Amino acid sequence: MAELITPVLPDDLRRRLVEAAVAARQRAYSPYSGYAVGAALLTAPGTLYTGCNIEIASYGATVCAERTAVFKAVSEGESDFRAIAVATSNGAAPCGICRQVLFEFAPSLIVIVANAQGEVLWEGTLSDLLPLGFGPQKLAEGQRAGS
Ligand code: THU
């Protein structure tokens, strides 16, 4: 019987990701909420894309840190993701919209939740955060099954 293997990040890589997320948080543009978020996204080939939240006076145009990192990576031709670290003042996990965006590309992504001091408060997979997520595979299956 096939063994279930939980993906685990080596300690040095985890540390590098968390430090990059904490540093990216310093670049947050969050004049309206005052809530700064940083993210660091690791691709399978080993590139690191960072992101911060960018708030807009017309609030709905605001982009979260995680999505900034994802969009930077995808626009550079990279969409094979391995892990993401997110840093906030209080160690919050990614919002629902970001979970959905991450699920599009990497349902088994490792997610590391840290605070602004770089302490890791939670680590798991995206599927833990978004069980039964709807992604490209479900859409294709549904289309094959007919309307
Ligand atoms: N925010 C993120 O950057 N990521 C999340 O996952 C949660 C929320 C940002 C959006 C907004 O700029 C601020 O935090 C408050 O919601």
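The values are calculated or read from the model by the stated rules, or taken from the named source; none is laboratory data. Not measured: the values here are computed from a predicted model. Please note: Cβ atoms are built from the backbone with ideal geometry, for glycine as well, and neighbour counts cover all protein chains shown. Only protein heavy atoms, including side chains, enter the accessible area calculation; ligands, DNA and RNA are left aside. Shrake-Rupley method; radii C 1.70, N 1.55, O 1.52, S 1.80 Å.
Taking 1.567 mPa s as the viscosity and 4 °C as the temperature, the Stokes-Einstein diffusion coefficient of segment 6-80 based on its alpha-carbon Kirkwood radius rounds to 101 µm²/s.
In the chain, the DSSP-assigned H stretches of four residues or longer account for a calculated mean residue ellipticity at 222 nm of -10000 deg cm²/dmol, using -39500 (n - 2.57) per stretch and the full residue count as denominator. As a fraction of the 1.4 Å probe accessible area of the chain, surface on carbon and sulfur atoms comes out at 56 percent. Take the Cβ atoms of residue 19 and residue 44, set R0 to 25 Å, and the FRET efficiency comes out at 0.80.
Modelled this way, with points 7 Å down the Cα-to-C-beta line, the labels at residue 12 and residue 35 are 3.6 nm from one another. Amide H contacts of residue 81 (H built 1.01 Å from N, in plane; Pro and chain starts excluded): 44 sit under 5 Å, all sequence-distant by 5 or more or on other chains. As a size descriptor, the averaged projected area of the C-alpha convex hull of segment 11-144 was calculated at 8.5 nm². Surface exposure of the chain, expressed per residue as accessible area with a 1.4 Å probe, stands at 56 Å².
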